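K.L.:
Dumping the structure here so I can ask a few things about it.
The values are calculated or read from the model by the stated rules, or taken from the named source; none is laboratory data. Just so we're clear, the structure is a prediction, and the values are computed from it rather than from any experiment. Virtual Cβ from ideal backbone geometry, glycine too; neighbours counted across all protein chains shown. Remember, those area values only see protein heavy atoms, side chains included, never the ligands or the DNA or RNA. Shrake-Rupley method; radii C 1.70, N 1.55, O 1.52, S 1.80 Å.
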Amino acid sequence: MSEQENVPDKLPTHIAVIMDGNGRWAEAKGLPRTAGHRAGAEAVRAVTTECRALGIRHLTLYTFSSENWGRPVTELRELFSLLREFLGREVPLMKEKNITLKVLGELADLPPSVRQIVKQSIKRTAGGTEMTLNLALNYGGRAELARAARALLREGASQEDVNEESLSARLYTAGQPDPDLLIRTGGEQRLSNYLLYQCAYTELYFTPVLWPDFREQDLYLAITAYKARSRRFGKI
Ligand code: IPE
Ligand code: IPE
Ligand code: MG
């Protein structure tokens, strides 16, 4: 591969985001943490709209991790209520913009009211051809891998049947390309159990900007940084 080909001068096909910093954003303003989550929903809309306009084909947002169950019940309640509100408001727009909504994560453990609107939203946006918006919801990377292994066992897979292709076909992201770029807001530099398998060769971008403040300009900065990276995939 020539040096020229190593440079990803084209846009990422798939961007994954760890939307972190909502609580700190709110606390800095003397507001309850939930105000940060509400403001974060505005950033979700701005980033989704801009990615769609730029022609990014896949966007995956870390919305609720399997570890987030450890938060106070009041915060959990507010998060789920915001999610219902968000889907109710945004799904018609997604449909209009030809965006397919998918959910990565264990739906069965979510409150029934959330499960219902999530299922409805997936159904209503099915077939959108311009972009896939994945919400990682009750998602954990390790649990996802264990689930894929269980699926193979259930299917009676033999040793030879267990390989990278058969495993990735049983992940929530089956059929979608791996993220090219992972953006984490809020200043922490870790994966927090996000897309562990899929991010094997993803370019990582960390920014101190808190998620509720993240807007188009911040997205351009991340994409510009991505474009300057040399992706070698183990080669020279
Ligand atoms: C991310 O913001 C949103 C969720 C995890 C649901 P946080 O709520 O983690 O905000 P900080 O990290 O405490 O500031
Ligand atoms: C990651 O953020 C999860 C989401 C953004 C949904 P956390 O705030 O939960 O991550 P940690 O606890 O700082 O690793
Ligand atoms: Mg956090």
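K.L.:
When the chain is fully extended, how far beyond the present Cα-Cα distance does ALA151 get from ASN98, taking 0.36 nm per residue of separation? Working shown, then result.
P.N.:
On the way: separation 53, 0.36 × 53 = 19.08 nm, distance 3.13 nm.
Between ALA151 and ASN98, full extension yields an extra 16.0 nm.
K.L.:
Between LYS123 and ALA28, what is 0.36 nm times their sequence separation minus the Cα-Cα distance? Round to one decimal in nm. Let's see the in-between values first.
P.N.:
Details: separation 95, 0.36 × 95 = 34.20 nm, distance 3.88 nm.
Extra length from LYS123 to ALA28 when fully extended: 30.3 nm.
K.L.:
Right, another one. Tell me, how many Å apart are the Cα centres for segment 45-116 and for segment 156-217?
P.N.:
For segment 45-116 versus segment 156-217, the Cα centre distance is 17 Å.
K.L.:
Find the accessible area per residue for the chain; the probe is 1.4 Å, ligands and nucleic acids are left out, and the unit is Å².
P.N.:
On the way: 12090 Å² over 236 residues.
On a per-residue basis, 51 Å².
K.L.:
While we're here: Label points 7 Å out from Cα along the Cβ direction at ALA53 and TYR220: separation in nm?
P.N.:
Label-label distance for ALA53 and TYR220, simple model: 1.0 nm.
K.L.:
Leaving out same-chain residues fewer than 8 places away, which lysines sit with a Cα under 22 Å from that of LYS102?
P.N.:
Excluding near neighbours in sequence, the set is LYS119, LYS123.
K.L.:
Skipping prolines and chain starts, which residues have an amide H placed within reach, meaning under 5 Å, of the one on ASN134, given they are 5 or more residues away or on another chain?
P.N.:
LEU59, THR60, LEU61, LYS102
K.L.:
Here's another thing I want to ask about it. Report the chymotrypsin sites (Phe, Trp or Tyr not before Pro) located in segment 157-236 that are in a DSSP loop and have at most 13 other Cβ atoms inside 10 Å of their Cβ, or state none.
P.N.:
Values: sites: TYR172, TYR194, TYR197, TYR201, TYR205, PHE206, PHE214, TYR220, TYR226, PHE233; in loops: TYR172, TYR194, TYR197, TYR201, PHE214, PHE233.
In loop regions of segment 157-236 (DSSP not H, G, I, E or B), the sparsely surrounded chymotrypsin sites (Phe, Trp or Tyr not before Pro) are TYR201, PHE233.
K.L.:
Roughly to the nearest percent, how much of the accessible area of the chain is carbon and sulfur, given a 1.4 Å probe? Write down the numbers at each step before the final one.
P.N.:
Details: 6240 of 12090 Å².
Carbon and sulfur atoms account for 52 percent of the accessible area of the chain.
K.L.:
Going toward the positive end of the dipole of the chain, with +1 on Lys and Arg Cβ and -1 on Asp and Glu Cβ, which of THR13, PRO112, LEU167 do you reach last?
P.N.:
Positive-end residue among those listed: PRO112.
K.L.:
Translational D (Stokes-Einstein, µm²/s) of the chain at 20 °C and 1.002 mPa s when Rh comes from the Kirkwood sum over C-alpha pairs? Don't skip to the answer; put the middle values down first.
P.N.:
Numbers: Rh = 18.7 Å.
Roughly 115 µm²/s, to the nearest whole number.
K.L.:
Pop out the ³J(HN,Hα) list for segment 97-107 in order, Karplus 6.51 cos²θ - 1.76 cosθ + 1.60 with θ = phi - 60°, rounded to Hz; leave Gly and Pro as x.
P.N.:
Values, residue by residue: 8, 6, 9, 8, 9, 10, 10, 9, x, 8, 5 Hz.
K.L.:
Which value, in debye to the nearest 20, gives the size of the charge dipole of segment 12-227 about its Cα centre, when Lys and Arg are +1 and Asp and Glu are -1 at the Cβ? Numbers along the way, then the final one.
P.N.:
Numbers: 27 positive and 26 negative charges, 148 e Å.
Its charge dipole is roughly 720 debye.
K.L.:
Oh, and also: In terms of Cα to Cα distance under 17 Å, which aspartates and glutamates are near enough to LYS95, apart from those fewer than 8 places away along the same chain?
P.N.:
Result set, ordered by chain and number: GLU50, GLU85, GLU130.
K.L.:
Cut-off 17 Å, label point 7 angstrom out along Cα-to-Cβ of GLU75: give me the residues of segment 42-65 whose amide nitrogen falls inside.
P.N.:
Answer for this model: 62-65.
K.L.:
Another question, if that's okay. What length, rounded to one decimal in nm, is gained on full extension from ILE236 through to LEU191, with 0.36 nm per residue of separation minus their alpha-carbon distance? Intermediate values should be presented prior to the final figure.
P.N.:
Details: separation 45, 0.36 × 45 = 16.20 nm, distance 2.64 nm.
This chain segment gains 13.6 nm when fully extended.
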